[in-house]
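Take a look at the structure below.
The values are calculated or read from the model by the stated rules, or taken from the named source; none is laboratory data. Keep in mind that this is a model prediction, so the values were computed, not measured. Cβ coordinates were reconstructed from backbone atoms using ideal geometry, including for glycine residues, and neighbour counts include every protein chain displayed. Calculation scope for accessible area: heavy atoms of the full protein, side chains included, ligands and nucleic acids excluded. Shrake-Rupley method; radii C 1.70, N 1.55, O 1.52, S 1.80 Å.
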Amino acid sequence: MSDLIERSVHLINGYVSQWTKKYLYQTSYQEETTAGHTFMTEFSLPTQEKPIPSATVKVYFYIPDLTDPQEKSMSFRFENDSLIHLVSRTIRLTQMEKWVETILQRKDRTCRIMFLGTQFEQTRIKNERMDEVLHEKKPEPEKENPHIHESLLEHPLELTSQFNPPEEEKQREIKMLTELLYQLFRQIDQDDMGVISHEECTQLFQMMGLFLGKHQLEDTLQKLDTSKTGIISYKELSTLGIEIIHAIYCQNLALKELKDKEEESRFEAQWMLSGDIRELYKKVVAECKKIDEEETKLVDPEHLKVILEEKQLQLWIIQANDPIPYNSFDKILESTLFEGLVKGLLQANKSRLENYLIDLFSKMDKENTGHIKLNELMVSLKASDQIKLSKAQVFALQSFIRKDSKSNVNYKEESRKLAAIIKKFFFSDLVNSKSKLIENTNITHFIPIKQTEEIKAAIQTVGS
């Protein structure tokens, strides 16, 4: 009998050797069943650091007749799978290693979720004192105290709402933001296990529109992974996740507010120019004719600049290099004056916080180019003693800032947006809603899962 079993084991090992060059495996005889004689092949991947693997994959082979074992008559199934594969009609052998690897990863992940060790770890002698010595104490979370100095506000009550929305509306807002975080988590947690890996958490951040530097990302993942198992639960993620979702909410509210202010400035500029533009155009054309001695009906850009400056139109910046036909640029003049006036009105209405940010960032602009690197801008902001933000708020702002392919930021333009978002961070109603969000991250009702594109659209529009 032992010779017959050995022949069958040799046959199975020969077949399995075509599956993988990566995993170790061993085959043993189990029992005789109605399906035939049962053999078990166990796959594992021990390492030098972890010689006792935390998980293995078992495949059961069935041979009908031990006296004449043949590969074509064999069948097999993977553990926890009732589907029996015929060797003669099975899937491609090149896919087997990937199949084993997928099952192994899931089992290893499940072990860590349930805090199960290997057989050796479960049966070792328990010693409370040794456990205390060996167990690394978890560092206490950093205490954050976000604040903004009152000197940067237009008036003491600027961050206090003059309108108190109904309680139902507040609860609806909390429910909406909490469900959005849950939808994001479930979108990444495809196995519905309530945990995600570090790599999957990085994907979740990217879906939020959050892009962190390498060291920032590593530090954040390590702090989220409080169990030090390589996986992050929804509960571990929820506090930071809610802060980021809330920061996105603040950003969208701020951008909507800025858009409304720009519309007001456009309306005001249109009203200011409506009566004067035609008369102004006539004066500019008359000056152009004086210097156009050859009657070409063209004017050199440099000469036009001088004329406009004499008419106190410094707002218009001439970008053309070739001569300009002055008899037909009334629409261009109107459009350019209009945009220049809108820009001038916005400049005139800069807030104290916006001016402070521009002054703060300009210290990094040694050559006075109007541009600095993104990391220089963030270093300046974090070093400020007038504004202190939470880590989640810093991460969010860093991701919101517009930059070019070389990470250069036009800080004078971006300061307007940053000032508006930072004020929203400290707006009393929004601060209260964030604290309630953190307290209510548990999901106690059924939420239908949305598609990825729907979730991304919700992130972009939440609050707007």
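Remind me, relative contact order of the range 1-96 in percent, using alpha carbon pairs under 8 angstrom and six or more residues apart?
Working: 152 pairs, mean separation 22.2, N = 96.
Reported relative contact order: 23 percent.
Could you go through the range 376-383 in sequence order and give the Karplus-derived ³J(HN,Hα) for each residue, using 6.51 cos²θ - 1.76 cosθ + 1.60 with θ = phi - 60°, rounded to whole Hz, and x for Gly and Pro?
Result, rounded to whole Hz: 5, 5, 5, 4, 4, 5, 5, 7.
Output the peptides 147-157, 376-386 sorted from most to least packed, where packing is the average of other Cβ atoms within 10 Å over each peptide's residues. Kindly include the intermediate steps, with their values, before the conclusion.
Working: 147-157: 12.3, 376-386: 15.4.
Top of the packing list down: 376-386, 147-157.
If I model a spin label as a point 7 Å beyond the Cα along the Cα-Cβ vector, how far apart are those points for Asp429 and Glu413 in nm?
About 3.1 nm separates the two model spin labels.
In the range 358-432, what percent of the accessible surface is made up of carbon and sulfur (1.4 Å probe, ligands and nucleic acids excluded)? Please report the intermediate quantities before stating the final value.
Details: 1690 of 3490 Å².
Taking all protein chains in place, the range 358-432 shows 48 percent carbon and sulfur surface.
Filter Lys107/Lys228; Lys175/Lys417; Lys175/Lys261; Lys256/Lys366 down to the pairs with a C-alpha to C-alpha distance above 22 Å, please.
Distance filter (> 22 Å) returns Lys175/Lys417; Lys175/Lys261; Lys256/Lys366.
On full extension of the chain, what length is gained from Lys228 through Glu150, given 0.36 nm per residue of separation minus the C-alpha to C-alpha distance? Working shown, then result.
On the way: separation 78, 0.36 × 78 = 28.08 nm, distance 4.11 nm.
Gain on extension, Lys228 to Glu150, equals 24.0 nm.
Summing +1 for each Lys or Arg and -1 for each Asp or Glu, what net charge is found among the other residues whose Cβ lies under 12 Å from the Cβ of Arg266? Don't skip to the answer; put the middle values down first.
Details: positive: Lys259, Lys261, Lys343; negative: Asp260, Glu262, Glu263, Glu264, Glu268, Glu339.
So the surrounding residues net to -3.
If each residue of separation counts as 0.36 nm, what is the full-extension length gain between Asp385 and Glu169 once their alpha-carbon separation is subtracted?
Details: separation 216, 0.36 × 216 = 77.76 nm, distance 3.55 nm.
So the extension gain works out to 74.2 nm.
Given R₀ = 56 Å, what would the calculated FRET efficiency be for Lys98 paired with Glu302, taking r from the Cβ atoms and rounding to 0.05? Present the calculation step by step, with values, prior to reporting the outcome.
Working: r = 69 Å, r/R0 = 1.23.
For R0 = 56 Å, the calculated efficiency reads 0.25.
Using a 1.4 angstrom probe with every protein chain in place, what is the largest-first accessible-area order of Tyr23, Tyr356?
Details: Tyr23 15, Tyr356 50 Å².
I get Tyr356, Tyr23, largest accessible area first.
If I model a spin label as a point 7 Å beyond the Cα along the Cα-Cβ vector, how far apart are those points for Leu258 and Met176 in nm?
It is 2.1 nm.
Please list the non-local residues whose amide H lies under 5 Å from the amide H of His37, H modeled 1.01 Å from N, same-chain partners needing a gap of 5 or more.
Correct list: Ile63.
First select every other residue whose beta carbon is under 12 angstrom from the beta carbon of Phe400; then total the charges, Lys and Arg +1, Asp and Glu -1.
Details: positive: Arg402, Lys403, Lys417, Lys424; negative: Glu414.
So the surrounding residues net to +3.
Separation between the Gln70 and His85 pseudo-spin-labels, each 7 Å from Cα along Cα→Cβ, expressed in nm?
Distance between label points: 2.2 nm.
Order the following by accessible area, largest value first: Arg416, Arg7. Probe radius 1.4 Å; ligands, DNA and RNA are ignored. Before the final figure, lay out the partial values.
Details: Arg416 55, Arg7 120 Å².
I get Arg7, Arg416, largest accessible area first.
Taking the Cβ-Cβ separation of Lys58 and Asp365 as r and a Förster radius of 51 Å, what is the calculated FRET efficiency to the nearest 0.05? Kindly include the intermediate steps, with their values, before the conclusion.
Working: r = 64 Å, r/R0 = 1.26.
For Lys58 and Asp365, the calculated efficiency is 0.20.
Compute the signed sum of charges (Lys and Arg +1, Asp and Glu -1) over the other residues within less than 12 Å, Cβ to Cβ, of Glu158. Mind showing how you got there, number by number?
Details: positive: Arg352, Lys423, Lys424; negative: Glu150, Glu154.
Residues near Glu158 contribute +1 overall.
Give me, ordered by chain and number, the residues 5 or more places off Leu153 or on other chains with an amide H under 5 Å from its own placed amide H.
none
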